[in-house]
Amino acid sequence: QVQLVESGGGLVQAGGSLRLSCAASGRTFNTYAMGWFRQAPGKERSFVAATTRSSGNTHFADYVDSVKGRFTISRDNAKNTAFLQMNSLKSEDTAVYYCAAVILDSSRNYYIPKSESEYVYWGQGTQVTVSS
């Protein structure tokens, strides 16, 4: 069982930045593909960003179009932690942000899961509020 704990959410003005963290349990963090999703009020949860499991020190990432160039997903395998750096925040980024994980084998080093159904483990969510 993998446990995920998010932190770093809060209230920020439009144009500001936040860095979300997702601390994961387990001894094989490098085999986890990690994703970030968000759920705005009255809307369904949706994909934000994801990164592949690690192949050595290499991993790949993808983003929803609306955050490309503003958000960056990263991971520190030594600390079992994934991050979502969010810059140039907009009011429409206001949502509860969830991190998610799925263990993938080495045949899928380049695979980036982007749908909710592909992920097995979920955090409790952290609120991000962007004021305009």
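Taking other residues whose beta carbon is less than 12 angstrom from the beta carbon of F47, and scoring Lys, Arg as +1 and Asp, Glu as -1, yields -2. Each Lys and Arg Cβ is given +1 and each Asp and Glu Cβ -1; about its Cα centre, segment 1-91 then shows a dipole of about 60 debye.
Defining a contact as two alpha carbons under 8 Å apart and six or more residues distant in sequence, what relative contact order in percent does segment 38-132 show?
For segment 38-132, the relative contact order is 33 percent.
Note on the chain: with neighbouring protein chains present and a 1.4 Å probe, carbon and sulfur make up 46 percent of its accessible heavy-atom surface.
Under 13 Å from the Cβ of S17, count the other residues' Cβ atoms, weight Lys and Arg +1, Asp and Glu -1, and hand me the total. Taking every Cβ under 13 Å from that of S17, the sum is +2. In plain terms, the chain from T28 to S7 could stretch by 5.4 nm, reckoned as 0.36 nm per residue minus the Cα-Cα distance. Annotation for segment 5-24 versus segment 34-65: alpha-carbon center distance of 15 Å.
Computed extension length for S88-T58: 8.1 nm, one decimal, from 0.36 nm per residue of separation with the Cα-Cα distance subtracted. Positive-end ranking of S74, I112, L4 along the dipole of the chain, with charges on Cβ about the Cα centre, is headed by S74.
In a shell of Cβ-Cβ distance under 12 Å around D93, excluding D93 itself, what net charge do Lys and Arg (+1) and Asp and Glu (-1) give? After counting each charged neighbour, the total is +2. Each label point was placed 7 Å from the Cα along the Cα-to-Cβ direction; for S107 and E44 their separation is 3.0 nm.
The values are calculated or read from the model by the stated rules, or taken from the named source; none is laboratory data. None of these values were measured; they are calculated from a predicted model. Counting neighbours? That spans all protein chains shown, and the Cβs are built from the backbone with ideal geometry, glycine included. What goes into the accessible areas is simple: the full protein's heavy atoms, side chains included, and nothing from ligands, DNA or RNA. Shrake-Rupley method; radii C 1.70, N 1.55, O 1.52, S 1.80 Å.
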